[in-house]
1. For segment A:1-111, what is the relative contact order in percent, using Cα pairs closer than 8 Å and at least 6 residues apart in sequence?
2. Can you list the HN-Hα couplings for segment B:15-27, worked out from phi with the Karplus curve (6.51, -1.76, 1.60; θ = phi - 60°), rounded to whole Hz and with x for Gly and Pro?
3. Assigning unit charges at the beta carbon (Lys, Arg +1; Asp, Glu -1) and nothing else, what dipole magnitude in debye, to the nearest 20, does chain B show about its Cα centre?
4. What size of dipole, in debye to the nearest 20, comes out for segment A:20-150 about its Cα centre when the only charges are +1 on Lys and Arg C-beta atoms and -1 on Asp and Glu C-beta atoms?
5. To the nearest 0.05, how large is the calculated FRET efficiency for B:Thr565 and A:Ser131 if R₀ is 60 Å and r is the Cβ-Cβ distance?
6. Go ahead and estimate [θ] at 222 nm for chain B from helices alone: -39,500 (n - 2.57) per DSSP H run with n ≥ 4, summed, over the residue count, rounded to 500.
7. Could you rank the peptides B:221-232, B:67-78 by their average count of other C-beta atoms within 10 Å per residue, with the highest value first?
8. With unit charges on the beta carbon (Lys/Arg positive, Asp/Glu negative), name the residue among A:Ala146, A:Leu26, A:Gln116 whose Cα is farthest towards the positive pole of the charge dipole of chain A.
Amino acid sequence: VSLAEVGFRLNGRPTRASVRHEELLLDFLRDRGLTGAKRSCDAEVCGVCTVLVDGAPVSACCYLACELDGRDVLTIEGLVTLPAFAVLEEAFVRRAAVQCGFCTPGMLLTIHSLLQDAALTTEVSIREGLSGNLCRCTGYRAIVEAVVDIVAAVDRHG
Amino acid sequence: VDAREKLRGQAEFVGDLRIPDMLHGSVLRSRCVHARIASVDTRAACALPGVAAVLTGADLADIDPYYGHAIRDRPVVAIDRVRFAGEPVAIVAAESPATAEAALTLIDVQYEELPSACTLESALALDAPLLHTGPVREGEAHGLGKLPERRGNICYQYRFGSGKTERVFSEAEVVVEGEYTFPSVYQYAMETHTVIAQYAVDEIVLWATAQHPFLVRGEIAALFGIPVSKVRVVVPYLGGGFGSKSYTKLEPMAVAIARKAGRPVRLVNSVHDAMLTTRRHGMRCWMRTAANNDGRLLARQVTLWLDTGAYADNGPRVTATAGDAAPGPYAWNAVEVEALCVYTNLPPSGSYRAFGATHLQWIGELQVDEVARRTRIDRLDLRQRNLLRRGGTIRPGARPLDADLPGDVARVASAIGWSTPAETPKQVGRGIGVGVLAAGAQPVSTAIARLEADGQVVILVGTTEMGQGARTVMAQLAAEQLGLAVDDVRVRGTDTRFTPYDRSTGASRSTTVAGLAVQRAAQELRRRVLDIASDVWGVPADRLQISGGAVRYETEQLSYPDLLTRYFGMAGGELIAHGEVRPEAGRGSFASGPVFWEVGVAAAEVAVDADTGVVQLRRVFTVADVGKAINPLLVERQDHGATVQGLGNALFEEILFDEGQLANGTLLQYRVPTTLDLPDVMESLIVENADGPGPDGAKGCGEGALAAVVAAIATAVADAGVHVDTLPLTPERVWRNISKEG
C-alpha cells in the first residue's frame, strides 16, 4: 500500500498523517471519529459531507485526503469551538431549522463560509449560496429564514 | 429539545457507530431482471484475504427464509431465482469495505434468463410470466383482515362501492373520464439505510435505521426462530425516513451474514442501492366522474393499478389507502373503487409520505375542475357545494369525516386571493387540492415515565425521532403534566430491550397515538406524586398544586427530590408510571379505522412558460388541520417539508427503468428540489378545531400536505391551459401538451 505524508491544519490544530493515495477526505475524517460530516450521495450533489478547505466548502466525499498538504480544514467539530457558532446555533434553534439533523453540519459550514465572503445580502443570494446543500425535511424555508437572521445579527455586531 | 445536539454534529446516527470487531458487508445484486440461478460459485471470494464470510441462499436452509410484514414472499437473499435487477444474490463480510467490494467481483453467478414483466401492462397481460405462485403466506402486520387469493400477478385487491353507479353515469348530464399515470419516485432520506447486526448465543442485536423497530423485531424473531424478547433493536437518530425506513429493509440480510460470520456486520446502502430497496409505487389509473349541469357531483368510479415490484413490501396497504383516497371527500350518490396491487419485475415499492393520497388526489381534483369548466361554475364554488361535511361518509363502515373541510378550503382560497384573478391569466394558473388520507395506522402504543431522584423525568417511548420533532413534542406533553421545564424531560431513542412497545412511526401517528400514551403515563405519574404529597401533608390531593418541579400546598412546597426522599426514606429511588393506547373496541384493524382522517388541503399558483414548458411554482398555501397544535412552529415546518417534496413529485421527480434496469440511480441523474426551486411564497395555515383523537384534541399532520400540493400544482398547470394526465410535469411534457391545444 502506498502512502502519502501530509501536513495540514485540522480544526486549527497542526496535523500530520499518512494517508492512502485513494483515501477520501470523508473516510479520513470519519475514521478518526469526526463523524459530523455525513455520507449520502457520493457524487458531490447533496452537501452533507461539506467541510471547509482553506475557507471554501468542499464535498469531502469527492476530495482526496492526500491533497490536504499545507491546507486548513474546518469541520463541524471545529466550527462549534469558534465564537461565530453561537449566532448560527441561536438562529437555527429559534427558526426550528433543524429537523432530522443529517444535513445540518454541512449546511452550517456552507453558511459560515458564505458569511466570511459577505456574499449574503439578499434572499436570492442566500438561496443561490445554499443550492449545493440539500435538505429533505425542512423545505428550506426555515433555513433561509435562519440565515436572514444570521446576516442581520452579523451586520449588527460587525 | 434535540436541536443543539444535531447542530453540533454530535447526534449519533447508525452510520456513526463503531461496534468492536465489526465487519463490513457488501451485497452482490442481480444484473438480470428475471432469471433462474443455475449456480453460484463463491470459492474465489472466500479465498480472498480479509474476507470473513460469504452468504448465499444455500446458507438459509435451516430457517424459514421468507419475510414480509404484509405477505411473506421475499427471501433474505435470492433462492434459486431472481425477480428484479438489483435483487441481492450474495453478501460478503470483510475486514474493510474495499475488500468486501473486491470480493463481490470474484463471485461467479450463472443465470438462465426468464421472460420478464417490467411494466404494469406486461404484468397484467394474459400470458404474463408469474412472479409468485402457490398460496399467499400472510405476514403479521398488514392489518387488512383476511387477504384475498392472488390472481395472476395481482397480489392484493381492494374494492368497495355504494349506490347504483352504472345507472347514475348513464343518466348524468356531465361525465368526465380519463386515464392517468403517476411515476415511481424515490423517497431520498439523506441518511441511506444502514444496519449493524450482531448474532450472539442468547440475543440478536440490531442497530438499525428503522422507523418501526418493534415490527422489525417481530420479523427478525420469526425469521430466525427465536422469541421477540431475544431480539434487541436499537434506533438512534434517523436521518429522515419519509416511509423509506418503514417495516423491514436490510435487517434480515445483516442478521444472516452476521450469523454466518460469527461477528458483527454492518450493511450500508448507497443511494443507488436505496433506490433498489424501496421506492414509491408507479401507478396507472382510470377514473370517471358524473355530475349534473347544476354542479352537483353524482358519482365516481375508479380503477387503479399500482406497480409494487417483485415483492409486496407495503403494497397491500398502499393499495388500500389509495382506494380510500380515490373517491375524494365529496358527497356522492354512488361510488365504485377497485384498487389492484400488481407484481412486476422491478424493485419493490413501499411507503412514501402520503402514499395513496398523493397518487389519487391530483386525478380526482383534475376531474372536479373539468366538471366546473363544463358547467361554467367557479371551481371553488363547486367544491364548497359538494364537499363532505363533518360526520360525512368517506367509505362505508369507516370513521366518519372528522374535520371541517369547507372551512379549510376557505382558508387557502382566501390566502391565495381566489376572488382576485391573476394579472396574466394565460400564463398563470391557480389550483386547489382537497383530500383526506387514512392516517394513524393501528393505534397501539405504550410509554413509560420515570421520575428520577433528582427531579428530572425520563420518557421511554418507541416513536422514532426522524426529524418530525417527536422527542420535542413528547417532552412538551410530559413537562406540562408534571409542571417541569421541557429541558427537565429527557426522551431518547428506542432500544427494544428497555423501551415499551410502539407499533410504528408513520401515518402521522407519533403525536396522536404515541403522544397520547406519553400524556397518559405523565398523568399517572402526576397522580402518584400528588398521592404521596397528600399522605405527607395529610391533605386531600385535590387541594395540591404542581408547578416548578414541586408539589405545593398553600405556602408550603415539596420539591420532587424531597418528595422521593420522604417516600423511600433515603436519597435515590424513582417513581414509574405507564400509559397505553389501544383501539377503542379492541379491534385495531385497518378496516375499522382509520384512527383519523388526515386533511390535505392546498392552493397553488404557477407560471407556465409557453415557449419552454417550464413550470414555476410561485405561491403555495397549505392547511395544517391538526386539531390542536402542540408545537405550532414544528407543525408549520412539517408542512413546508411536505410542500417541497410535493413540488418535486409534481414537477420533476421520476425513477426511470430501461427494460427493468434502474437508469437514473444517482442524485446527479435523479434530481430533488434545492433552494433554487423554492416558491416565492410558501405558507402553512394552522387550523385548530380540537377534533382529533390525540392529546387535547390533536391529530397528525405532515403527509396530507404533500398530496394536496401535488394536486394543487397539477390543477394549476391545467388551469394555465395545459392538458395534464401524467406526472411529473416536466418542461417537455408541458410544452407538448400546450402545443396540442395550441
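We did not get these values from a lab; they are worked out from the coordinates using the rules stated. Treat the numbers as computed from the prediction; the structure is a model and nothing was measured. FYI the Cβ positions are ideal-geometry reconstructions off the backbone, even for glycines, and counts take in every protein chain you see.
1. Taking the mean separation of contacting Cα pairs over the length of segment A:1-111, I get 31 percent.
2. So the J values, rounded to whole Hz, are x, 8, 7, 10, 9, x, 6, 6, 9, 10, x, 9, 10.
3. That gives chain B a dipole magnitude of about 780 debye.
4. Roughly 480 debye, rounded to the nearest 20.
5. That pair, B:Thr565 with A:Ser131, gives E of 0.55.
6. -8500 deg cm²/dmol
7. B:67-78, B:221-232
8. Of the options given, the answer is A:Ala146.
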